[in-house]
Amino acid sequence: MATFISVPLKKTSEVDIAKPLSKFIQSVYPAGDEQADYCRAAEEFNKLRKISVGKPLDKHENSLETVMRYYDQLCSIEPKFPFTESQLCLTFTWKDAFDKGSIFGGSVKLALPSLGYEKTCVLFNIGALASQIASEQNLDNDEALKAASRYYQLASGAFSHIKDTVLSSLNRDPTVDISPDTVGTLGLIMLAQAQEVFFLKATRDKMKDTIIAKLANQAADYFGDAFKQCQNKDTLPKEVIPVLAAKHCIMQAHAEYHQSALAKQQKKFGEEIGRLQHASDLVKTVASRYDEYINVKDLADKIHRSLTAAKKDNDFIYHDRVPDLKDLDPIGKASLVKPTPIVVPLSQKYSDLFEKMVPLAVQVALTAYNQRKADLINSTIAQMRDATTLSNGVLASLNLPAAIEDVSGDSIPQSILQKSKAIIEQGGVQTIDQLIRDLPELLQRNKEILDESLKFLDEEEATDNDLKSKFKERWQRTPSIELYKPLRVEGTNFRNVLDKAISADAVVKERYMSQREAISILCKPEAQLNASIPSANPAKTMQGSEVVNTLRSILTKLDEVKKEREQLENDIKSVNFDMTTKFLTALAQDGAVNEEVISVTELDRIYGNYTQKMQENLKKQEDLISNIQASYQEFSKMKQSNSEANLREEVLKKLAVGYDNYIELLANLREGTKFYNDLTEILLKFQGKCSDIVFARKTERDELLKDLQQSIAREPSAPSFPTAPSYQTTPSSTPASSTASSTPTPAPRTVFAGKQPPPRPPPPSIPATAPAPVSASQMSTPSPSSTVSTSTPSQNPTNIIPTQAQGPPYPTYPGYTGYYGMPMPVGYNPYMYSQQTMPPYMYQPPSGQAPYPAQQPGYPYPQQPYFPPQ
């Protein structure tokens, strides 16, 4: 009976995602580790598509996990890349899942340059694969039943999500399989099958009949609704419709059967028979119409046995009236399933390949937002620090709290002792001196890095200008002066920052020198500090006066206000909110990022409460300072006026001001040191950027120069030869023997002296009657020509030209030892025999040997025969 409907997978064509993604990344993000990481992520993304939708998948949860990971990655990269036809155009082709094609053509398919289309089709495959995995479950154990129900609900959620989003994702009519009507029906079928699984589990667990009846009745409703939608739209394969109709009847029969058992328990025997008769009719309908799809023999036999027994008992015992079907109370419904919502990430093993990547528009928006945030924080903190400086200045001018503590006139006020101790703990004057000595070195280091960076640009730009002036219009590349404009602006900004830092350092040093004396006094031990303060004898009656107590109370409140402000400053600095998600969402929804509106709204939401607290704090301090000034006027009237007291009060004021300046100067110098160190890292990155672009330009310049040189070498020197002068073309009246040829005289070849052979000495005269030596070959086999040549003494030997290159005619007069020369092939001699001379290294045999011995061993060429002059 447990026949379940599963959905076939959509098939797609292969798409190379890595290449266009890598090209976009290289065009947007600067070269470096970050770009390389993103390109590798693009390759991984392409592999993930191949294994998730590019090949057949097993009906296993691991395959489903892979497809869900791909879907999650699609959702992640959608706002990070501009997948549009004008920018990053990727066309995805998918076939209709239910169209099997025909013999005259392939199945229906649709190709769209839309990432939303790809997401829809992948989500369809998630639902289809989930339905296939659920249908493969072994329903004989509880774990498999739970898994089947979970997968059916996931499939229902996937199809329902497609129904709600497909039209907006595609902006055109989709194929039939992913149309809203089709996926809506599929979602309902999957939900009905999930409910059926719960019914099977309840039956296996032998739960109460009332619960089982309600579960079956709800499943029957789901199947009935799906059956109606299939009949109305006719979008699914025809074999699905009878299965839905049969399941609708079967689940309704189950509901009636279990409700009849409940009626029997309630002793409503007539109702029991009526419900069993209705269940029997439903089963008979299935058996007669849909027997080829679903076998209901077991269910029919069970109902038949129950009906027979109920009729028999009623006829012989109860005699209860069997009501009509319309008079029976409706069976309740209990739905235990619902579509699983599609919430990214779907996969539990998902990790974003482009986690650190944000679109360029978002990067620009983040930069602007961070600047707005920094301005707001700096402005707020500056207001609070100005308020602290103002309160310290007012108290120092009134010598508070030292004035109300110094009632004895000869001991150090407690506040001065605390200030002295705080300065000594922080290093005193030595710390300030060391920080001031370090600043010029840090400044010089940053200036050198900046100068070196700009020097790279200057040198390359000068070289580019020289080549441009040399090659003029041939030098076709972006001029360095235009390419380096952003870097020049950045360098100018760095230069301005350093100039401001120099001015600020001078101000800090000047302030320190003006307060160094007071700070040095505070750094002394307690006894020396007491000796440095003039003594006085004020009236001791002021020690417990109401005015002094009032001042002490107000000063305590003012200290609390300062501490509250310090805590507020720390809270403001510690706030950290990532705006990337906000900007990505805005980019995905609107196609653009309105940074100003979003940033102002978020900054007001995040820092509005802190700003309000700051304003309340400043107002509270303003009121307290007014009260302090009013109370101090009364206190000053009560003080005894004498020169010693006034001098002591002035010194105490200077010490209080010195402490305040020490704390501020120390903070400024430490901030300056940190600023220079941070700036060094930024300038090193700037230097690297300048070095990289100069290196790239140098490589480009070398390639361009090489091409220019080759093109210049291939060009002719002139379009045509000049016209020949008349004397080279007009014939002269001189004799032919002295007339120059009409052909232009070629340029003489240059012959180096080192390569010219020496002149050959004239051969000695040979008597005509002298016997001619013969070679070994001639001695063994005399030729007729040689016989004729030797027997004709009347021939003149000087008039005979040999037919091949001959060796020199060496003399054969008595006493000549002969010549044992090294044989040389004819083709090797470049000078012919007329210029040949005896090399000095030739071997000379001892006297008395034959003039021409046989071939010497070790020589690769045969010995040349001797030809005497004729």
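Given a cut-off of 30 Å, name the pairs among LYS582/LYS613; LYS613/LYS685; LYS146/LYS267 whose C-alpha atoms lie farther apart than that in the structure shown.
The pairs that break the limit, which is 30 Å between Cα atoms, are LYS613/LYS685; LYS146/LYS267.
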Students often forget the sequence filter, so: which lysines lie under 17 Å Cα-Cα from LYS349 once same-chain residues fewer than 8 apart are removed?
LYS47
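For region 1-41, report the accessible area per residue in Å² (1.4 Å probe, heavy atoms, rounded to an integer).
Working: 2280 Å² over 41 residues.
Roughly 56 Å² per residue, with all protein chains present.
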Quick one: Debye curve from the C-alpha atoms of region 76-204, no solvent, what's log10 I(q)/I(0) at q = 0.13, 0.17, 0.21 Å⁻¹?
-0.62, -0.90, -1.12
To the nearest µm²/s, what D does Stokes-Einstein give for region 141-281 at 10 °C and 1.306 mPa s, using the Kirkwood radius over alpha carbon pairs as Rh?
97
Mean accessible area per residue over region 248-334 (1.4 angstrom probe, all protein chains present, square angstrom) is 59
Over region 431-561, give the accessible area per residue in Å² for a 1.4 Å probe, as an integer.
59
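Relative to the present Cα-Cα distance, how much length would full extension add between GLN444 and LEU325 at 0.36 nm per residue of separation? Working shown, then result.
Values: separation 119, 0.36 × 119 = 42.84 nm, distance 10.07 nm.
Length gained between GLN444 and LEU325: 32.8 nm.
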Using the 2.2 N^0.38 Å rule of thumb for compact globular proteins, work out how region 359-507 stacks up: its C-alpha Rg over that value, please.
1.81
Under 28 Å from LYS233, Cα to Cα: lysines that are on another chain or at least 8 residues apart
LYS10, LYS11, LYS95, LYS100, LYS109, LYS119, LYS163, LYS247, LYS284, LYS333, LYS338
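The values are calculated or read from the model by the stated rules, or taken from the named source; none is laboratory data. Keep in mind that what you see is a predicted model, and the values were worked out from it rather than measured. When the accessible area is computed, the model is the full protein with side chains, heavy atoms only, and any ligands, DNA or RNA have been set aside. Shrake-Rupley method; radii C 1.70, N 1.55, O 1.52, S 1.80 Å.
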